[in-house]
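Derivation of every value follows stated rules applied to the coordinates shown; laboratory data play no part. The structure displayed is predicted, hence computed values, not measured ones. Methodologically, a virtual Cβ is constructed for each residue, glycine included, from the backbone with ideal geometry; neighbour enumeration extends over all protein chains shown.
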Amino acid sequence: MVIDRIRGFFAGTAGKREEEEKIMKIIVGLGNPTNQYKGTRHNIGYMALDKIAGANGITLNQHKHKALTGNGFVGGQRVMLMKPLTFMNLSGESVRAAADFYKINLEDILIIYDDISLEPGKLRIRKKGSAGGHNGIKSIIRHMGGDNFPRIRVGIGGERHPDMDLADYVLSRFEPEEAEVIDLALDKAAKAAELIVQDDIDAAMNLYNTPRKKKTKKQKNPEEVKDGGEEQEGVDRTPESV
């Protein structure tokens, strides 16, 4: 009987620990691995994840689900931070593997990535939406079977050299004069992520979304609205090889 009680005690403790460590949300920062791409515009999702990790004392030191990961708490929620190591075009493989393992619903996965249609440092937060030509998002939608996941888009675009190839531009590094605005944007993205994992994406949108420029009736963008009012995100931005 004493042995049974001891076994019950340890079983209960293990069950409690397992429950405490249950991942509730996943935050994914998109980018390309290896030092070749470190600090490039296309890797701003990685940079945002580093900012979130630093702000919440989370160490990214585990290799699983085809990603570099770290577990901890953001906004009181147990989360896993993920940097897919599959290269951008195959990001969905990593996200799907983690979602299946932890039994995470699609709407509980936050994706942070670059948007060339936004000025550097500007943010656009949405509850769902199309890929808008972003190859990493295309892959996630394809592997997850839907686009009903929140996302934070961080601007990397704006003025660029007219003779510069699009792929070369997104794989270039930020100019020194852009450093301050990009760092501020990453701070805002980290704060927005905290609200989103607390299921308060409306507050995140109100606080951190960059107001859209007003358009005249003759300047309507046919791709601006889709899926019951949700914004279709931009236009094709990067070649399939990026």
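Need one number: nm distance between label points at residue 62 and residue 180, each 7 Å from Cα along Cα→Cβ, rounded to one decimal.
That separation, rounded to one decimal, is 4.0 nm.
Any chance you could list P(r) for the stretch 66-168, counting all Cα-Cα pairs in 5 angstrom bins from zero, rounded to whole %?
Histogramming the stretch 66-168 at 5 Å steps yields 2, 11, 21, 23, 19, 13, 6, 3, 1, 0 percent.
Multiply the residue separation of residue 24 and residue 119 by 0.36 nm, subtract the distance between their alpha-carbon atoms, and state the gained length in nm to one decimal.
Length gained between residue 24 and residue 119: 30.9 nm.
Placing +1 on the Cβ of each Lys and Arg and -1 on the Cβ of each Asp and Glu in the stretch 12-166, which of 121, 67, 36 has its Cα farthest towards the positive end of the resulting dipole?
Projecting each Cα onto the dipole axis, the largest value belongs to 67.
If you count, for each residue, the other Cβ atoms within 10 Å and average over each peptide, how do 114-125, 97-108 line up from highest to lowest?
For the peptides 114-125, 97-108, the packing ranking is 114-125, 97-108.
How would you order 73-80, 47-54 from highest to lowest mean count of nearby Cβ atoms within 10 Å?
So the order, starting with the most tightly packed, is 47-54, 73-80.
Which value in nm describes the separation of the simple spin-label points at residue 200 and residue 78, placed 7 Å from the Cα toward the beta carbon?
2.3
Across all directions of projection, what mean area in square nanometres is found for the Cα convex hull of the stretch 17-71?
4.4
Which net charge results when you count Lys and Arg as +1 and Asp and Glu as -1 among the other residues whose beta-carbon is under 12 Å from that of residue 76?
-1
What FRET efficiency comes out for residue 35 versus residue 166 if R0 is 25 angstrom and r is the Cβ-Cβ distance? Round to the nearest 0.05.
According to the calculation, E is roughly 0.65.
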